[in-house]
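Below: the structure, in structure tokens.
Please treat every number below as a calculation from the coordinates, not as lab data. No experiment lies behind these values; they were computed from the predicted model shown. Positions of Cβ are backbone-derived with ideal geometry, glycine not excepted, and every protein chain shown enters the neighbour counts.
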Amino acid sequence: MTIVVGYVPTPEGNAALERAVQEARIRQGDLVVVDLDRQQRHDLKELESRASSLADGSVSVRAQSVEDGRDSVDAILGVADEHDAELLVIGLRRRTPVGKLILGAQAQRILLDAGCPVLAVKPAGTARD
């Protein structure tokens, strides 16, 4: 069993990573962290180490980056398909009242197109309106 998580270095990305680690521990599965940050490439070994430390070493972790020029949504859906993911975890950001009428385009594509269940999480302390 594999859990796939989309990661960007934001509160939403960190919340998604933490929850994905929890899910991997609960399900006794592996974790694949997909670095979706377009601004800065992260050291994949460092990202793997961070996720492993969150799991106290109890989860096998692998990190992957997105190929340059590849759409982030296509990339994470491709990784989920490639690993026959049991669950895909993404972070959602708080939206304005008007923005709530329309879910973010990337999140909506993931929710609609994923071949597995998707868990969308918000960072702790996100207010509800």
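A few comments on the model shown:
- Our helix-only sum for the chain, with -39,500 (n - 2.57) per DSSP H run of n ≥ 4 divided by its residues, gives a mean residue ellipticity at 222 nm of -11500 deg cm²/dmol.
- For D30, the amide hydrogen comes within under 5 Å of the amide hydrogens of T2, I3, counting only partners 5 or more places away or on other chains and with H modelled in the peptide plane.
- Gaussian network model of the chain, springs between alpha carbon atoms under 10 Å - residue of I110, I26, I76 with greatest fluctuation: I26
- Computed from backbone phi, the HN-Hα couplings of the stretch 75-89 come to 5, 5, 5, x, 5, 4, 5, 4, 9, 6, 4, 7, 8, 10, 10 Hz, rounded to whole numbers (Karplus: 6.51 cos²θ - 1.76 cosθ + 1.60, θ = phi - 60°; Gly and Pro given as x).
- Environment charge at A114 (Cβ cut-off 12 Å; Lys +1, Arg +1, Asp -1, Glu -1): -3
- Its residues counted as N, the chain yields a C-alpha radius of gyration over 2.2 N^0.38 Å of 1.00.
- Electrostatic dipole magnitude of the chain [Cβ: Lys, Arg +1; Asp, Glu -1; Cα centre; debye, to 20]: 660
- Peptide ranges 113-119, 32-38, 64-70 listed from the most packed, as the mean C-beta count within 10 angstrom indicates: 32-38, 113-119, 64-70
- Theoretical FRET efficiency, 1/(1+(r/R0)^6), r = Cβ-Cβ of L111 and K45, R0 25 Å, to 0.05: 0.20
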